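Shown next, in C-alpha cells, is the structure this report addresses.
The values are calculated or read from the model by the stated rules, or taken from the named source; none is laboratory data. Every value quoted in this text rests on a predicted model; they were computed, and no experiment measured them. Backbone-built Cβ (ideal geometry, glycine too); neighbour counts: all protein chains shown. The protein model used for the area step is the full one, side chains on, heavy atoms only, and it has no ligands, DNA or RNA in it. Shrake-Rupley method; radii C 1.70, N 1.55, O 1.52, S 1.80 Å.
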Amino acid sequence: MKFFIDTANLDEIKEANDLGILDGVTTNPSLMAKENITGKQNITKHYRDICHEVNGPVSAEVIATDYKGIIEEGEILADLHHNIVVKVPMIPEGIKAIRHFSDNGIRTNCTLIFSAGQALLAAKAGATYVSPFIGRLDDISADGIALIAQMRRIFDNYAFDTEILAASVRHPMHIIECAELGADVMTGPLKAILQLSQHPLTDKGLEQFLADYNKGNK
Ligand code: E4P
C-alpha cells in the first residue's frame, strides 16, 4: 500500500518524508489556502517546492470546470515537473479531460468520488488514480470503507489499471481497513500516519527495558 500525505504544508511533507515511508503527496485548493498560498505564481512555485521534496506523484488540482479550461490548466501543471499528477473533478467535462490526458500520457487523479458508479466512469476514462473521499462519506453517516470494498471488487472484476486512492482519511483505523481491503494508496494527514506507530504496550515495554538497563549499568 502506498502512503501519500494530504497536505500543502512543506514542514509536514518533510517530516513524513524523513520517516522513509512517503510515496507521494495530494493537495487541493483548500489545503493550499490553509497554508496561505494564493495566486497562480505562488501556487505554481509551491507545487515545484513539493516536487523537489518528494520523489513520487504530487497531485495538483485544476480549477477550471470546462473541458478546454481543464486541458489548458492540466497541461501547464503537468509541464511543471515530472512528479505532477493532474487532479480533475468527477464531472462530465472532467471525464472527457481524463480521457484526453490518458491518451496523451498525462497521469490523472479523479477527485471528489463518492460512489462506485463515479469510480467506474473514471476508470473507464483511463484515470491513473481515483480518489474516494471516505471521511466525508462517514461524516454524513454513509460508509466510506464499504465504498472502498465495492470499488476493489469492480476494479478486480475487469482488471482496471486505475489505482484506488483512499482519500479523506481521518484516523489510523481508516488506513488499516483500507489496507485490509486492498486500496492501492491512502492519502491522509501526518497525524493519522504517526498514530499508526502508537501503542500503550510499546511505551510501557520500552520504559521497562530502559529502566532495567539503567539498573544494571549504574
Ligand atoms: C484528496 O485528495 C483530498 O485532498 C482530501 O483527502 C480531502 O480530505 P478532507 O475530507 O479531509 O478535506
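Once the piece of chain linking Tyr158 and His52 is laid out straight, how much longer is it, given 0.36 nm per residue of separation minus the C-alpha distance between them? Let's see the in-between values first.
On the way: separation 106, 0.36 × 106 = 38.16 nm, distance 3.59 nm.
Going from the current span to full extension adds 34.6 nm.
Calculate the FRET efficiency for Ala146 and Lys124 from the Cβ-Cβ distance with a Förster distance of 22 Å, rounded to the nearest 0.05. Write down the numbers at each step before the final one.
On the way: r = 22 Å, r/R0 = 0.98.
E between Ala146 and Lys124, to the nearest 0.05, is 0.55.
With just the Cα atoms defining each centre, how far is the range 64-112 from the range 198-214? Give it in Å.
Their Cα centres are 50 Å away from one another.
Give the long-range amide H neighbours of Thr7: residues separated by 5 or more places, or on another chain, with amide H under 5 Å away, using H modelled in the peptide plane at 1.01 Å from N.
Thr26
Using a Cα distance threshold of under 18 Å, what count of lysine pairs results for the chain when pairs must be 8 or more residues apart or interchain?
Pairs that pass both the separation and distance tests number 16.
Amide H of Lys87 versus every other amide H placed in the peptide plane: which residues, excluding those fewer than 5 positions away on the same chain, fall under 5 Å?
Under 5 Å from the amide H of Lys87: Ala60, Glu61, Val62, Asn109.
Over all alpha-carbon pairs of the chain, lay out the pair-distance distribution in 5 Å bins, whole %, shortest bin first.
1, 7, 15, 17, 19, 15, 11, 5, 3, 3, 2, 2, 1, 0, 0
On average, how much accessible surface per residue is there in the range 1-159, in Å², for a 1.4 Å probe, leaving out ligands, DNA and RNA? List each step's numbers first, then the result.
Details: 7600 Å² over 159 residues.
Per-residue value: 48 Å².
Loop only per DSSP, at most 12 neighbouring Cβ atoms within 10 Å: give me the GluC sites (Glu not before Pro) in the range 1-79, ordered by residue number. Don't skip to the end; give the middle numbers.
Details: sites: Glu12, Glu15, Glu35, Glu53, Glu61, Glu72, Glu73, Glu75; in loops: Glu35.
Within the range 1-79, no GluC sites (Glu not before Pro) qualify (loop, at most 12 other Cβ atoms within 10 Å).
Just the projected area, averaged over all directions, of the convex hull on the alpha carbon atoms of the range 82-139: how many nm²? Don't skip to the end; give the middle numbers.
Numbers: hull surface 15.5 nm².
Dividing the Cα hull surface by four gives the mean projection, 3.9 nm².
What is the spin-label model distance, in nm, from Ile21 to Ser102 if the labels are put 7 Å beyond Cα along the C-beta direction?
Distance between label points: 3.2 nm.
Between Gln208 and Arg136, what is the spin-label point distance in nm, taking each point 7 Å from the Cα along the Cα→C-beta axis?
A separation of 4.6 nm, rounded to one decimal place.
Which percent of the accessible heavy-atom area of the chain goes to carbon and sulfur, probe 1.4 angstrom?
On the way: 5950 of 11370 Å².
Within the chain, the accessible surface is 52 percent carbon and sulfur.
Using R₀ = 41 Å, calculate the FRET efficiency as 1/(1 + (r/R₀)^6) where r is the Cβ-Cβ separation of Leu10 and Ile91; round to 0.05.
Details: r = 30 Å, r/R0 = 0.74.
Rounded to the nearest 0.05, the efficiency is 0.85.
Could you rank Met173, Met32 by how accessible they are, 1.4 Å probe, largest area first? All intermediate terms of the calculation are to be shown ahead of the outcome.
Numbers: Met173 100, Met32 5 Å².
The ranking, largest first, comes out as Met173, Met32.
Between Gln150, Gln118, Gln41, where does the largest GNM mean-square fluctuation fall for the chain, given springs only between Cα atoms within less than 10 Å?
Residue with maximal mean-square fluctuation among Gln150, Gln118, Gln41: Gln41.
If N is the number of residues in the range 1-119, what value comes out of its Cα radius of gyration divided by 2.2 N^0.38 Å?
Details: Rg = 13.9 Å, N = 119, 2.2 N^0.38 = 13.5 Å.
Output field value: 1.03.
So what's the range 114-192 giving for Rg/Rh, alpha carbon basis, Kirkwood Rh from the mean inverse pair distance?
Working: Rg = 11.6 Å, Rh = 12.3 Å.
My calculation of the ratio gives 0.95.
Give, in nm to one decimal, the length gained when the segment between Thr38 and Leu196 is fully stretched (0.36 nm per residue of separation minus the Cα-Cα distance).
Numbers: separation 158, 0.36 × 158 = 56.88 nm, distance 3.27 nm.
Extra length available between Thr38 and Leu196 comes to 53.6 nm.
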